[in-house]
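Remarks on the structure that follows.
The values are calculated or read from the model by the stated rules, or taken from the named source; none is laboratory data. These numbers were taken from a predicted model, which means no experiment stands behind them. For neighbour counting, all protein chains shown are included, and Cβ atoms are generated from backbone atoms with ideal geometry for every residue, glycine included.
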């Protein structure tokens, strides 16, 4: 990193205090670990490198002078897979402009993202499907998952037997995603006739419904809309809560609406978090989940109510299978998403950023040299 130390780096974050998981688990974590200096990026300043998150004003950064800086854009959700005429595509850009999050008005947010990808020298994403979409606009696309160092030291030991016919089930996520429980609403209702289900939800207890800024909602009200069982426990999310509550559970669930383009395109990060803690997880059948399950040698991805019921009953009634799935998941997650493996991907990224920077600098010097030669020729011609 010797050359990076001499480069000016601007970071356009998700949140100004770096409290977002996107800040904490990606660039900021890497920069702090490798002692790389950076500042919060301002478009009026000049930088050698600008790292732009999707939380930044991409209507501004997509117009940043190509000759000035190497830009890395982080796009870890499947925005480019959404239909052009979707609600998101048609109105989110306008909403960001009216709220002041974007300086320029681009009615279609998807068009802004495409422009940002074209401007970027490198785009970071989180799944192969996202990469395929982004490569239409940028040649250099990298898949890098979140760093999960806080979970590596919290591996739990599964209970050998379930007590009193109870199922303690963990779920972790943002309140907006509680709507995904409608995928397993019927399955939980069926299972509740045989088991006492205790559902432990680790999330924010209240949140802003629109753009993380407007209209405060209480999570308990969302829970009542989508989950039809009696014993539901809510916990305020933090890193310790996730590990502490999960360690008291028998398994985790990750329901996802596969008919929703954005949701179906999510990466396997949550699954890997549970696996790193030694907890088996029953999940919706998405491309990322299927790849991870195949890699781990586990088969716990579901596409129907019957799948959810039979898979959960199988691991509940078969403690050997439950333990084996936890062991295999832990081994796989430790191999592909260890801190060392993820940091090496970031090291490779920054080595290539240096090459981009050096190439751009040589080009500028050559242009300046040609300008100087042209000026000299003109001045000689006027004598």
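When the criteria are applied in full, residue 168 fails the requirement of being out of contact with any helix residue (DSSP H, G or I) (no Cβ under 8 Å at 6 or more places or on another chain), outside any strand (DSSP E or B) and assigned by TED's automatic domain parsing to the domain that holds residue 251. For region 19-31, filtering for residues that are in contact with a strand residue (DSSP E or B) (Cβ under 9 Å, 6 or more places away or on another chain) and either free of Cβ contacts under 8 Å to residues at least 24 places away in the same chain or surrounded by fewer than 18 Cβ atoms within 10 Å (Cβ to Cβ) (or both) leaves 3. Residues in region 140-160 that are at pLDDT 95 or above and either under 30 Å from residue 317 (Cβ atoms) or in contact with a strand residue (DSSP E or B) (Cβ under 9 Å, 6 or more places away or on another chain) (or both): 140, 141, 142, 143, 144. Among the conditions (1) at pLDDT below 95; (2) out of contact with any strand residue (DSSP E or B) (no Cβ under 8 Å at 6 or more places or on another chain); (3) under 26 Å from residue 54 (Cα atoms); (4) assigned to a helix (DSSP H, G or I), the only one that residue 259 does not satisfy is (4).
Among the residues of this structure, residue 242 does not count as one that is surrounded by 18 or more Cβ atoms within 10 Å (Cβ to Cβ), outside the structural domain of residue 101 (by TED's automatic domain parsing) and closer than 23 Å to residue 317 by Cα. Being closer than 17 Å to residue 201 by Cβ, surrounded by fewer than 16 Cβ atoms within 10 Å (Cβ to Cβ), outside the structural domain of residue 83 (by TED's automatic domain parsing) and at pLDDT below 95, is that true of even one residue in region 312-328? Within region 312-328, not a single residue is closer than 17 Å to residue 201 by Cβ, surrounded by fewer than 16 Cβ atoms within 10 Å (Cβ to Cβ), outside the structural domain of residue 83 (by TED's automatic domain parsing) and at pLDDT below 95. Considering region 219-246, the residues that are free of Cβ contacts under 8 Å to residues at least 12 places away in the same chain and within 23 Å of the chain's Cα centre (by Cα) include one that is farthest from residue 207 (Cα to Cα), namely 244. For region 222-241, filtered to residues that are modelled with pLDDT of 90 or more and part of a helix (DSSP H, G or I), the residue that is nearest to residue 174 (Cα to Cα) is 223.
Per this entry, residue 293 is counted among residues that are in a helix (DSSP H, G or I) and either at pLDDT below 95 or closer than 12 Å to residue 272 by Cβ (or both).
With respect to being free of Cβ contacts under 8 Å to residues at least 40 places away in the same chain, outside the structural domain of residue 75 (by TED's automatic domain parsing) and outside any helix (DSSP H, G or I), residue 215 fits the description. Counting only residues that are out of contact with any helix residue (DSSP H, G or I) (no Cβ under 9 Å at 6 or more places or on another chain) and surrounded by fewer than 18 Cβ atoms within 10 Å (Cβ to Cβ), region 32-59 holds 7 of them.
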